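Worksheet for the structure shown next.
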Amino acid sequence: MYLNFLNYFRGFAIFLIVLGHSFYITNFFNLSNPVENPFFRKLFFTMTTGGTSLFVFISGFLFHHIFYSRGFNFKKFMKNKFKNVFLPYLIIITPIIFIRFPETLTNGHIQFQDIIRLILMYLSGALLDSTWYIPFAFVLFISSPLFIRYIELKKGQIFIIILGLFIGMLIHRPAHNLHINVFQALLYFTPAYCLGIYTSQKKEILLPYLKKYNTLLFLVWIIIGLFQVYTNRFMNMHKINMFSYNGIDFMGVQKIIVCLFFIGFFYKLQDWHIGFLEKTLSLLADYSFPIFFVHNYAILITRYFLEKYSITLNFSYLGLILFTAFICTVSMIFTKVIKLIFKKNSRLIIGG
């Protein structure tokens with residue numbers, strides 16, 4: 001069954017992900033000294049970044065709504081994911097590796113450590129802003145039998161989500177480098193994935209409540225965001241060693257509230273019939289996976305020309321949103337061109 005509200009949410013989620021990757025190029029937010037940013041910019045930053053959790057939540061929802069409900073076949077599932085996710089990833093990540101890898105060579109010659117570095121570039125996906133997600137996603141896909149067990153639990157599902165949140169608060173997100181720990185990412189994002197599954201399972205009960213108490217969820221979201229800014233914990237927290245203690249990460253908890261708020265909000269929105277907004281969100285949703293891949297290069301190319309002509313952006317809130325819309329539009333146009341050229345095979349190249 002097609003769910004309009006989930007489609008709107010997916011469109012909004014990809015817009016947030018692109019927006020989160022646009023902060024540094026627009027100079028809207030001083031990432032070199034985050035604490036010195038104005039109060040409301042810090043609040044806006046913490047409330048709009050970390051869009052990965054939204055994508056993970058949606059993936060969990062769809063895992064139950066589509067793959068489990070139709071009869072889960074692990075072999076068929078993994079074959080589909082390899083073809084439609086991993087192959088496009090290899091194609092998208094290769095150009096940036098070809099550009100960056102020669103810069104890392106020792107004395108211009110390939111040595112053993114250079115080969116290891118090349119392998120890590122592919123395995124980590126860390127050379128682009130968003131592609132680290134794909135190696136993590138494959139560990140998530142391989143773990144599908146565990147999530148089938150989760151779906152079929154008679155009790156304890158909420159406890160697992162809460163326990164996972166506590167673990168995430170301690171281990172944080174993995175460091176964004178060539179040694180990115182996909183298992184740490186799996187632990188950190190599993191609560192969002194399980195919540196997506198649980199929301200799909202209980203949607204007939206949960207969605208009316210999320211719609212009714214949507215304002216309350218928004219207030220909780222604001223309160224957590226204010227607390228994060230007040231305690232200077234308003235950014236995504238990363239660390240290399242997940243077993244070392246480096247404070248409490250509240251971002252994962254905040255994003256759980258964000259997921260619940262927006263799933264309720266868009267469930268409510270579908271009753272309002274706001275044509276332009278619904279069409280825009282549906283368009284973004286239709287192109288969400290290609291945008292996820294292509295926007296990395298759209299931002300890199302824009303940055304190249306800005307630096308070449310010594311142009312410095314200094315955008316306000318509206319400028320940041322318009323720039324994000326520009327990057328999404330460019331990504332969709334490029335995707336359309338690829339579709340026209342390669343037709344049905346375009347999915348193997350850019351994921352859509």
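The values are calculated or read from the model by the stated rules, or taken from the named source; none is laboratory data. Here the structure is a predicted model, which means the values were calculated and not measured. Note that each Cβ is placed from the backbone with ideal geometry, even for glycine, and that neighbours are counted across all protein chains shown. Note: accessible area is taken over every heavy atom of the protein model, side chains too, but ligands, DNA and RNA are not part of it. Shrake-Rupley method; radii C 1.70, N 1.55, O 1.52, S 1.80 Å.
For this structure, a couple of remarks:
So that you can scan it fast, the table gives a plain yes or no per residue for (1) in contact with a His (Cβ under 7 Å, 6 or more places away or on another chain); (2) of a type in the set (Ser, Thr, Tyr); (3) touching a residue at least 24 places away in the same chain (Cβ under 8 Å):
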| position | (1), (2), (3) |
| --- | --- |
| HIS238 | yes, no, yes |
| ASN241 | no, no, no |
| TYR245 | no, yes, yes |
| ILE248 | no, no, yes |
| MET251 | no, no, yes |
| LYS255 | no, no, yes |
| PHE265 | no, no, yes |
| GLN270 | no, no, yes |
| LYS279 | no, no, no |
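- Among the candidates GLY252, GLY264, residue that is outside any strand (DSSP E or B), open to solvent by less than 20 Å² (accessible area, probe 1.4 Å) and within 21 Å of ASN7 (Cα to Cα): GLY264
- Answer from THR335, THR302 - the residue that is polar (S, T, N, Q), more than 21 Å from the chain's Cα centre (by Cα), in a helix (DSSP H, G or I) and at pLDDT 95 or above: THR302
- Matching option when the condition is open to solvent by 60 Å² or more (accessible area, probe 1.4 Å), more than 20 Å from LEU195 (Cβ to Cβ) and touching a residue at least 12 places away in the same chain (Cβ under 8 Å), among ASN4, ASN84, ASN33: ASN4
- Selection within region 339-352 - free of Cβ contacts under 8 Å to residues at least 24 places away in the same chain and hydrophobic (A, V, I, L, M, F, W, C): LEU340, ILE341, PHE342
- So PHE227, is it in a loop (DSSP other than H, G, I, E, B), out of contact with any Phe, Trp or Tyr (no Cβ under 6 Å at 6 or more places or on another chain) and farther than 22 Å from PHE61 by Cα: no
- Filtering region 1-43 to residues that are at pLDDT 95 or above and small (Gly, Ala, Ser) leaves GLY11, ALA13, GLY20, SER22.
- Elements of type helices (runs of 4 or more DSSP H) in region 115-209, at least 3 residues being open to solvent by 40 Å² or more (accessible area, probe 1.4 Å): 144-151, 157-171, 182-201
- Among (1) part of a helix (DSSP H, G or I); (2) in contact with a helix residue (DSSP H, G or I) (Cβ under 6 Å, 6 or more places away or on another chain) - the single one LEU283 does not satisfy: (2)
- Filtering region 87-105 to residues that are over 13 Å from LEU348 (Cα atoms) and surrounded by 11 or more Cβ atoms within 10 Å (Cβ to Cβ) leaves ILE93, THR94, PRO95, ILE96, ILE97, ILE99, ARG100, PHE101, PRO102, THR104, LEU105.
- Only one of ASN241, ASN232, ASN236 that is polar (S, T, N, Q), open to solvent by 30 Å² or more (accessible area, probe 1.4 Å), under 26 Å from HIS295 (Cα atoms) and part of a loop (DSSP other than H, G, I, E, B): ASN236
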